[in-house]
1. If I take R0 = 25 Å and measure r between the Cβ atoms of GLN146 and VAL195 in this structure, what FRET efficiency does the formula 1/(1 + (r/R0)^6) give, to the nearest 0.05?
2. Distance in nm between label sites at GLU51 and VAL162, each 7 Å beyond Cα in the beta-carbon direction?
3. Provide the gained length on full extension for the span VAL178 to ILE250, in nm with one decimal, where the gain is 0.36 nm per separating residue minus the Cα-Cα distance.
4. What is the set of long-range amide H partners of TYR299 at a cut-off below 5 Å, with H atoms built 1.01 Å from backbone N?
5. On the full set of protein chains, 1.4 Å probe, figure out the accessible area of GLU255 and give it in Å² to the nearest 10.
6. With respect to the cross-link table entries LYS11/LYS336; LYS176/LYS223; LYS279/LYS335; LYS57/LYS279; LYS188/LYS336, which display a Cα-Cα separation exceeding 32 Å?
7. Quick check: pseudo-label points 7 Å beyond the Cα along Cα→Cβ at ALA40 and ASP287, how many nm apart are they?
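The values are calculated or read from the model by the stated rules, or taken from the named source; none is laboratory data. Since we're looking at a predicted model, the values are computed, not measured. We place every Cβ from the backbone using ideal geometry, glycine too, and count neighbours over all the protein chains shown. We work out accessible area using only protein heavy atoms, side chains counted, and drop any ligands, DNA or RNA first. Shrake-Rupley method; radii C 1.70, N 1.55, O 1.52, S 1.80 Å.
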Amino acid sequence: MLTERQELILKTIITDFTQSHEPVGSKTVMKQLPIKVSSATIRNEMAVLEEQGLIEKTHSSSGRIPSSEGYRYYLDNLVEPLQLPESVYNTIGSQLDRPFHQVNEIVQEAARILSDLTNYTAFAEGPESHDVRVTGFRIVPLSQRQIMAILVTSDGNIQNQVYALPHNIHGEEIEKAVRMINDQLVGKSLNEINVSLLSELAKNELGGEHVTELLSLVEDVVKDAASEQMYVDGQINLLNNTSEHDVNDIRSLYELIDHNNLFTNLMDPKSGNYPVKVKLGSELPNDLLKNYSLLTAEYSVGSHGKGTIALLGPTNMPYSQMIGLLEYFRNELAKKLLDYYGKFQ
């Protein structure tokens, strides 16, 4: 552990560097420290911090910048969430305070708001759907061989998919399948509807030679409705933290973010003692993310489950502000979702 003075110096270096993005010298630290210390003493303490690997010297300046270890120490021991300007709170409130027709619309809007407020890449994952139940199923013909399957759930969400029908399937078979689904599946939770249940129903209720195709259709639309949707906004902001020469890296980063499974696995805010969890680039599994940090926060919607919001931004981001923003935003998002769910009680 560091002494109190060393911690103050480290905190000052990190705070200044995240604002200026320039190496920080002893004179700058001396002006900003809340205690009176000579420049020589600060230089000595900075030498200790450098020996411990918490700050490092750049080739182009006599100043110091935080290392990954320095950021980690700061995040684990020193960072304090910062209260944001009133205008930010007002913006969040006004943009969430409008009518939404589906849970997914609210979650998607959350990602957009976070991205706009920070100029970073934002992620928002909807709450789990353990208790969501099927309330209706319809099939709408679009053309001679094309239909749209529509599944309505108890949280007001509408899931739809377009399918091309095999040439030898008949309209009466489709109508029979729709009747079976509404008779047998309405009222069941999405998690109860699995392959074995559908197979049993199809065998007992449908019959016919095209059971497999119809079964696959129902299974697909239920699976999509049950999956936790993750929305991403602000991918273009990745360019702010990448050299114009690294065209291949930019392309690879876009492809990486398109693979939602990676970030779903990374967005695990449950461990740790803080509402907002921070993973530095050196702690992320892909080298493309080495200059980034991922901040994640969980929000709870009571019996409707939990979701996650996250920000991907540069390692030298202003952590106090971003942590303060995520702490506030997760509570506002939870309130909005609880208000929405309340309409269906």
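1. Computed FRET efficiency for GLN146 and VAL195 comes out at 0.50.
2. It is 6.9 nm.
3. Result: 21.3 nm gained on full extension.
4. GLY307, THR308, ILE309
5. For GLU255, solvent-accessible area is about 100 Å².
6. LYS11/LYS336, as the Cα separations exceed 32 Å there.
7. In this crude spin-label approximation the distance works out to 4.6 nm.
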